[in-house]
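Student: Structure in structure tokens, see below.
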Amino acid sequence: SETAATGGVAGNASASNSFTISTTGSQSHGIVAQSAGAGGGLFNYTGAGQSPQFLFFIIVDHAKRRAPVIELGNLDVDRDFSDVRDVAEAYVRLLDKAPAGQVFNVGSGRTHSLREVLAQVQAISGHTMDVRVNPAFVRANEVRTLRADTTALEAAIGEWRSHPLDETLRWMLQS
């Protein structure tokens, strides 16, 4: 869950340091983000500069390198993926507007399947990969769909722009 404490983050967040701001803001201003689950949380987020162990980095990196094959786990899961720039904006606005102790889901409120993500990366990059499901990467008891209910978030901070997935993927492919 997330708890917004009082305080603020000075300055403007640039796209290149949004991962740093989301982490720093959460650590230094009392926002505690746990995995999405009961009570609220931070859902999957991505963007240029993401660490290489994360799924979107792996997919984008394969497309950039023109790798002929990519091995992944379950392709038939739907997840709420957010652009890190949107997550950083949500944190800043929560720090400014939200009462301490309230729980929020930070996410886009939309889901995309892994198949859809792959199709978009391949269409944007112009590179087609042979996608193979590696049974070692498939999680037992995988939850089929995870989507953030952003009702409380939007009530606290107002409407906020959420980058479309294809825009985030273009940004990542161009970085």
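Student: Looking only at region 108-154, which residues are of a type in the set (S, T, N, Q) and at positive phi? Quick ask: steps written out before the conclusion?
Tutor: First, the residues of region 108-154 that are of a type in the set (S, T, N, Q): 108, 111, 113, 120, 122, 125, 128, 134, 141, 145, 150-151.
Selection gives ASN141 alone.
Student: Any idea how many residues of region 122-143 are charged (D, E, K, R) and either open to solvent by less than 50 Å² (accessible area, probe 1.4 Å) or under 17 Å from the mean Cα position of the chain (by Cα) (or both)? So that I can check it myself, show each step before the final result.
Tutor: Residues of region 122-143 that are charged (D, E, K, R), as a first pass: 130, 132, 139, 142.
Cutting the leftovers down to either open to solvent by less than 50 Å² (accessible area, probe 1.4 Å) or under 17 Å from the mean Cα position of the chain (by Cα) (or both) gives us none.
Here the count works out to 0.
Student: Right, here's the next one. Looking only at residues in region 153-175 that are open to solvent by less than 30 Å² (accessible area, probe 1.4 Å) and more than 14 Å from the chain's Cα centre (by Cα), which one is nearest to TYR45 (Cα to Cα)?
Tutor: Step by step, filter region 153-175, then rank; the result is LEU153.
A quick yes/no check of all residues on (1) under 20 Å from LEU173 (Cβ atoms); (2) touching a helix residue (DSSP H, G or I) at 6+ places or on another chain (Cβ under 6 Å); (3) modelled with pLDDT under 50:
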position	(1), (2), (3)
SER26	no, no, yes
GLY40	no, no, no
PHE43	no, no, no
ALA48	yes, yes, no
PRO52	yes, no, no
ILE70	yes, yes, no
ASP83	yes, yes, no
LYS97	no, yes, no
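Student: Identify all residues within region 42-57 that are of a type in the set (Val, Ile, Thr) and surrounded by fewer than 16 Cβ atoms within 10 Å (Cβ to Cβ); write none if there are none. Please lay out each step first, then the result.
Tutor: So in region 42-57, the residues of a type in the set (Val, Ile, Thr) come out as 46.
If the condition is that a residue be of a type in the set (Val, Ile, Thr) and surrounded by fewer than 16 Cβ atoms within 10 Å (Cβ to Cβ), then no residue fits.
Student: Kindly state which strands (runs of 3 or more DSSP E) lie completely within region 41-105 and contain at least 1 residues that are polar (S, T, N, Q) and in contact (Cβ under 8 Å) with a residue 40 or more places away in the chain. Write out each step before concluding.
Tutor: Working: elements: 44-46, 69-72, 81-83.
Per the criteria, 44-46, 81-83.
The values are calculated or read from the model by the stated rules, or taken from the named source; none is laboratory data. Computed from a prediction, not measured in an experiment: that's the story for all the values here. For neighbour counting, all protein chains shown are included, and Cβ atoms are generated from backbone atoms with ideal geometry for every residue, glycine included. SASA here: full protein model, heavy atoms, side chains in, ligands and nucleic acids out. Shrake-Rupley method; radii C 1.70, N 1.55, O 1.52, S 1.80 Å.
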